[in-house]
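Single-structure report; data block below.
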Amino acid sequence: MDNILDVVEEPGPDIRESNLLQTIWFYPAATFKFVLKHLPNKYVNLLFLLGAFVNSLSRTGSATYNRSGSIYLIFQILSATLIGWGIYYILAWATHQTGKWLGAKGQLWQVRNVLAWSLIPAICVLLLIIPQLIFLGFDYFSSEMEIESLTFSAVLIGISIVGAILMIWSVVLFVRGIMLVHEFGAGRAVINVLLPYFLIMCIALIIGALFLTFR
């Protein structure tokens, strides 16, 4: 795999460990190359945990939430974070395995690293969530929360749009990383990134169908 890491397909600034959080946004190939060469597996667990934590904050909620349930809510967030951390490892493995079907040349640890570093834009969603938590408190997680201010509603919609863009950019970076480590074109890289989700959905449908059949 050294031949892959010796090639950077796009120009970039001087890449250092101290500026990776900046360069990953616009110089992903150069940044991934630096990480794979000089920081293999460093920060992977931290990035997976942060990504899972942000995802748990974004998805956790309850229509029956009230302030007396805050301890349970915290437990729910922490458990979802740990589960999400494990899911990222499974996703990296699944992406590596399905990549083999497409002629991938990369290794599992390389896929794991590019997945971890591609999460940085998604992790930045935390910067959007924190102000909402400060303003709304635990009511942020309540699906029954009523917002009467039109201005505040517009702000929340804007925040949601920015958050969606950051999530999409993480996927774009992951595709770019797969292109590098597997020597794929954009088309095969996109297919490789989507295949694990497709397989998981198919397995879930099969299990659901079997459950309904033999219930």
- Message: Of the conditions (1) within 16 Å of residue 26 (Cβ to Cβ); (2) of a type in the set (Phe, Trp, Tyr); (3) open to solvent by 90 Å² or more (accessible area, probe 1.4 Å), residue 197 satisfies every one except a single condition; which number is it?
- Response: (1)
- Message: Among the residues that make up segment 25-38, is at least one of them open to solvent by 50 Å² or more (accessible area, probe 1.4 Å), in contact with a helix residue (DSSP H, G or I) (Cβ under 7 Å, 6 or more places away or on another chain), basic (Lys, Arg) and modelled with pLDDT of 80 or more?
- Response: yes
- Restricting attention to segment 71-92, does a residue exist that is closer than 25 Å to residue 190 by Cβ, of a type in the set (S, T, N, Q) and modelled with pLDDT under 90? no
- Message: Condition first: of a type outside the set (Val, Ile, Thr), in a loop (DSSP other than H, G, I, E, B), at pLDDT 70 or above and open to solvent by 20 Å² or more (accessible area, probe 1.4 Å). Can you find one or more residues in segment 1-21 that meet it?
- Response: yes
- Item | Residue that is touching a His at 6+ places or on another chain (Cβ under 6 Å) and modelled with pLDDT under 95, where the choices are 100, 105 | 105
- Query: Only one residue in 152, 174 is in a helix (DSSP H, G or I), modelled with pLDDT of 95 or more and either open to solvent by 10 Å² or more (accessible area, probe 1.4 Å) or over 18 Å from residue 44 (Cβ atoms) (or both). Which one?
  - Reply: 174
- Query: Does segment 15-33 hold any residues that are of a type in the set (Gly, Ala, Ser) and more than 20 Å from residue 183 (Cα to Cα), and which are they?
  - Reply: 18
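The values are calculated or read from the model by the stated rules, or taken from the named source; none is laboratory data. Here the structure is a predicted model, which means the values were calculated and not measured. Reconstructed Cβ throughout: ideal geometry from the backbone, glycine too, with neighbour counts over all protein chains shown. Just the protein is used for accessible areas: all its heavy atoms, side chains included, with ligands, DNA and RNA removed. Shrake-Rupley method; radii C 1.70, N 1.55, O 1.52, S 1.80 Å.
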